[in-house]
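Peer 1: Okay, handing you the structure first.
The values are calculated or read from the model by the stated rules, or taken from the named source; none is laboratory data. Keep in mind the model is a prediction, meaning the values are calculated, not measured. Every residue, glycine as well, gets a Cβ built from its backbone with ideal geometry; the counts of neighbours run over all protein chains shown. Remember, those area values only see protein heavy atoms, side chains included, never the ligands or the DNA or RNA. Shrake-Rupley method; radii C 1.70, N 1.55, O 1.52, S 1.80 Å.
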Amino acid sequence: IGITLAKGKSRTVPNKNSKPIAGRPLLEWTIRAALQSGLDHYFVSTDSDEIADICESMGVTVIFRGNDLARSDTPSLTALRHALNKAENEHEIDWDVAVLLPCTNPLRTGLDINKALAILDQNPKTDSVIGVSECEPVERIKVIRDGLLMDTFPEPQDGQRQYLPKYFVRNGSIYAVRKRAIDRLFGHEQSMPYVMPKERGVNIDDLLDWKLAEVLLKEREGLL
């Protein structure tokens, strides 16, 4: 079962989930990927009539949640549990694996979803598979204390990147989790990575991310 959590309001980019990007509402890119994947069931959880209209125009079932589950400080896991309970009790869905597909990652594809599910299927002892992308080595990330740069982790004196280990960050694109581990989804216990190229792991959190994602989407869709 696939679930996308899509609130009507957002802070950094106003109404971003329904805002057009590369010619389509942001949410539509995730819906398209979900429908192209091998998911058996797919729902969008929202508090917004506008978002519900987008979903219904694409044949996607909406799960409505109240304002108390759509605040800026509402944990994703709380909203996800609500959607899964509704799917079970109101839509009679019996599921083994839940796939959280945030709509802030418009470049992930249906093939990415299938590949993440394949990793989970091939590793029965694994609780979850999470989409990740390579990131800046931790040795090069600094903090500022008393006006001075300080290491978060000791950096080699020569500072040559090619000799540093590779590090990865959750890119927010795919979280596939077994039913037994739903409450540990963000704890990474027994989690495996699905490593994605950076260009498909862009997570829109601010206007700069939005501009980058729009260029990449237009490039992919042949709009540039």
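Peer 1: What number of residues within the range 40-54 are open to solvent by less than 30 Å² (accessible area, probe 1.4 Å), touching a residue at least 40 places away in the same chain (Cβ under 8 Å) and outside any strand (DSSP E or B)?
Peer 2: At the first step, the residues of the range 40-54 found to be open to solvent by less than 30 Å² (accessible area, probe 1.4 Å) are 42-46, 48, 51-52, 54.
Filter once more, keeping what is touching a residue at least 40 places away in the same chain (Cβ under 8 Å): 42-46, 48, 51.
Filter once more, so that each one left must be outside any strand (DSSP E or B): 48, 51.
Going through the range 40-54 one residue at a time, the tally reaches 2.
Peer 1: SER76: in contact with a Ser or Thr (Cβ under 9 Å, 6 or more places away or on another chain) and of a type in the set (Gly, Ala, Ser), yes or no? Give the steps one after another, and end with the answer.
Peer 2: Numbers: in contact with a Ser or Thr (Cβ under 9 Å, 6 or more places away or on another chain): no; of a type in the set (Gly, Ala, Ser): yes.
No: the conditions fail for SER76.
Peer 1: Within the range 169-221, can you find the residues that are closer than 21 Å to ILE21 by Cα and in contact with a Gly (Cβ under 6 Å, 6 or more places away or on another chain)? Full working, then the answer.
Peer 2: As a first pass, look at the range 169-221 and keep what is closer than 21 Å to ILE21 by Cα: 171-174, 197-221.
Correct list: ASN171, SER173, ILE174, ASN203.
Peer 1: If I filter the range 126-137 for residues that are assigned to a loop (DSSP other than H, G, I, E, B), open to solvent by less than 40 Å² (accessible area, probe 1.4 Å), among the aliphatic types (A, V, I, L, M) and in contact with a Pro (Cβ under 9 Å, 6 or more places away or on another chain), do I get at least one hit? Lay out the reasoning, then the answer.
Peer 2: Going residue by residue through the range 126-137, those that are assigned to a loop (DSSP other than H, G, I, E, B) are 126-127, 136-137.
When the remaining residues are screened for being open to solvent by less than 40 Å² (accessible area, probe 1.4 Å), the result is 126-127, 137.
Restricting the remaining residues to those that are among the aliphatic types (A, V, I, L, M) gives none.
Taking every residue of the range 126-137 in turn, none turns out to be assigned to a loop (DSSP other than H, G, I, E, B), open to solvent by less than 40 Å² (accessible area, probe 1.4 Å), among the aliphatic types (A, V, I, L, M) and in contact with a Pro (Cβ under 9 Å, 6 or more places away or on another chain).
This table checks each residue for (1) in contact (Cβ under 8 Å) with a residue 12 or more places away in the chain; (2) surrounded by fewer than 22 Cβ atoms within 10 Å (Cβ to Cβ); (3) touching a helix residue (DSSP H, G or I) at 6+ places or on another chain (Cβ under 9 Å).
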{"residue": "SER173", "(1), (2), (3)": "yes, no, yes"}
{"residue": "ARG178", "(1), (2), (3)": "yes, yes, yes"}
{"residue": "ALA181", "(1), (2), (3)": "yes, yes, no"}
{"residue": "LEU185", "(1), (2), (3)": "yes, no, yes"}
{"residue": "PRO197", "(1), (2), (3)": "yes, yes, no"}
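Peer 1: Between a first residue in the range 101-115 that is of a type in the set (Lys, Arg) and a second residue that is in a helix (DSSP H, G or I) and open to solvent by 20 Å² or more (accessible area, probe 1.4 Å), which pairs have beta carbons less than 9 Å apart while being 6 or more apart in sequence or on different chains?
Peer 2: Close Cβ pairs (under 9 Å, with a partner that is in a helix (DSSP H, G or I) and open to solvent by 20 Å² or more (accessible area, probe 1.4 Å)) amount to ARG108/ARG200.
Peer 1: I would also like to ask the following. Anything in the range 17-35 that is open to solvent by less than 20 Å² (accessible area, probe 1.4 Å) and farther than 14 Å from CYS55 by Cα? List them, or say none.
Peer 2: Of the residues in the range 17-35, the ones open to solvent by less than 20 Å² (accessible area, probe 1.4 Å) are 17-18, 21-22, 26-27, 29-31, 33-34.
Passing the criteria: ILE21, ALA22.
Peer 1: Right, another one. When you go through (1) surrounded by 14 or more Cβ atoms within 10 Å (Cβ to Cβ); (2) modelled with pLDDT of 95 or more one by one for LYS7, which number turns out not to apply?
Peer 2: So LYS7 meets the others, but not (2).
Peer 1: Can you tell me which residue in the range 75-120 is nearest to TRP29 (Cα to Cα), limited to those that are open to solvent by 10 Å² or more (accessible area, probe 1.4 Å), under 20 Å from the mean Cα position of the chain (by Cα) and charged (D, E, K, R)?
Peer 2: Filtering the range 75-120 for residues that are open to solvent by 10 Å² or more (accessible area, probe 1.4 Å), under 20 Å from the mean Cα position of the chain (by Cα) and charged (D, E, K, R), the one nearest to TRP29 (Cα to Cα) comes out as LYS115.
Peer 1: I would also like to ask the following. Select, from SER133, SER72, SER57, the only residue that is closer than 30 Å to GLY23 by Cβ and at pLDDT below 95.
Peer 2: Of the residues listed, the single one that is closer than 30 Å to GLY23 by Cβ and at pLDDT below 95 is SER72.
Peer 1: Condition check: modelled with pLDDT of 95 or more and closer than 27 Å to LEU212 by Cβ. Does THR12 satisfy that? Lay out the reasoning, then the answer.
Peer 2: On the way: modelled with pLDDT of 95 or more: no; closer than 27 Å to LEU212 by Cβ: yes.
Judged against the criteria, THR12 is not a match.
Peer 1: Check VAL143 against each of (1) surrounded by fewer than 18 Cβ atoms within 10 Å (Cβ to Cβ); (2) touching a residue at least 12 places away in the same chain (Cβ under 8 Å) and name the one condition it does not meet.
Peer 2: Unmet condition: (2).
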